[in-house]
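Have a look at the structure below, then the notes.
The values are calculated or read from the model by the stated rules, or taken from the named source; none is laboratory data. Predicted model only: the values in this text are computed from it and were never measured. Counting neighbours? That spans all protein chains shown, and the Cβs are built from the backbone with ideal geometry, glycine included.
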Amino acid sequence: MRLKNLPATLSEREEFKDVEKLYTSLCKGLKEFEVIKIEEWVLGIEDNTDIHLCKFLLVREETEVAPEGFMRVNFDPVLVRALREVKYLQLIDIEVPTKAAELFQKVNVYRTQTNNLDLTVNMYNDVLSTLLPVEKPLLQDRIQSMLDALQPGIDTLKWNSENINPFINKAMKIVTEVDDLVKKMKDNVRKMNEIMKNWAKPLYERKNKALLAEDVEQTHQAVVQPRLEEIRNQGKEIHRLMKDTQDNIKPDKKSFQWLSY
């Protein structure tokens, strides 16, 4: 367009006409390439959309760390890519097939669902991966409740199913409660460890010169009693933290699992 605005004497030259023919040929080739690519994309969308929407919401992956199996969200990357491509094609005013347009109408629904499921399974996986051997038996019933809540996403609900949101809300509520409980247990243990770290400091320091036995005894007595009182007082806090964990877990206090913990 800018060359056409130049003086007519230039546009009448053979070189200009050759460039114009090359430009026209190039534009035609690019347009044909675009049409072919869009036709191929449309065929791919038509073939792949239904297949991937018929997949279950979640997939379980067994590991040595968690025999129950970690989980992951089963929203295929092909669908993610398709949604992104529809968005950009519409931005440049290229018509997309009905099926692709219908898929894109639910883009916010899919985004919300996958985000919430990602959050839920991440909490679930984190619980399984961080529980210690003495902690896991105490929460076995809670772990089972999480498994039961997530099970429909593994073998019943697909991305084109109804009632996906009620399932996600229920599963997220149950998993969040267990995750909060595990964090409470871990936080209480962390506080206990911090308290007991204070007990590791020496009762008194070695002096540069020798002391009489009586002086050593006197220094020892002067230091031991305050330290003993400190440990006794801080021990009450440890008991309080243990009771807090107990009140939240509500275990059988005489059970082997609780006594081991």
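Tabulated data
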read-out	value
When residues of segment 109-136 are limited to those that are under 19 Å from the mean Cα position of the chain (by Cα) and over 19 Å from GLY153 (Cα atoms), the one surrounded by the fewest Cβ atoms within 10 Å (Cβ to Cβ)	SER129
Residue within segment 93-102 that is free of Cβ contacts under 8 Å to residues at least 24 places away in the same chain and either in contact with a Ser or Thr (Cβ under 8 Å, 6 or more places away or on another chain) or at positive phi (or both) present	yes
Which listed residue, of VAL178, VAL189, is among the aliphatic types (A, V, I, L, M) and either assigned to a loop (DSSP other than H, G, I, E, B) or closer than 30 Å to LEU58 by Cβ (or both)	VAL178
Number of the exception - ALA171 against (1) at pLDDT 95 or above; (2) touching a strand residue (DSSP E or B) at 6+ places or on another chain (Cβ under 7 Å)	(2)
Pairs, first touching a residue at least 12 places away in the same chain (Cβ under 8 Å) in segment 104-120, second part of a helix (DSSP H, G or I) and among the polar types (S, T, N, Q), C-beta under 9 Å, six or more apart	PHE104/GLN90; GLN113/ASN165; ASN116/ASN165; ASN116/ASN169; LEU119/THR176; THR120/THR176
VAL109 being more than 20 Å from ASN122 (Cβ to Cβ), in the same structural domain as ILE164 (by TED's automatic domain parsing), in a helix (DSSP H, G or I) and of a type outside the set (Gly, Ala, Ser)	yes
Close pairs from segment 134-151: first assigned to a helix (DSSP H, G or I), partner of a type in the set (Lys, Arg), Cβ under 7 Å, at least 6 apart	ALA149/LYS170
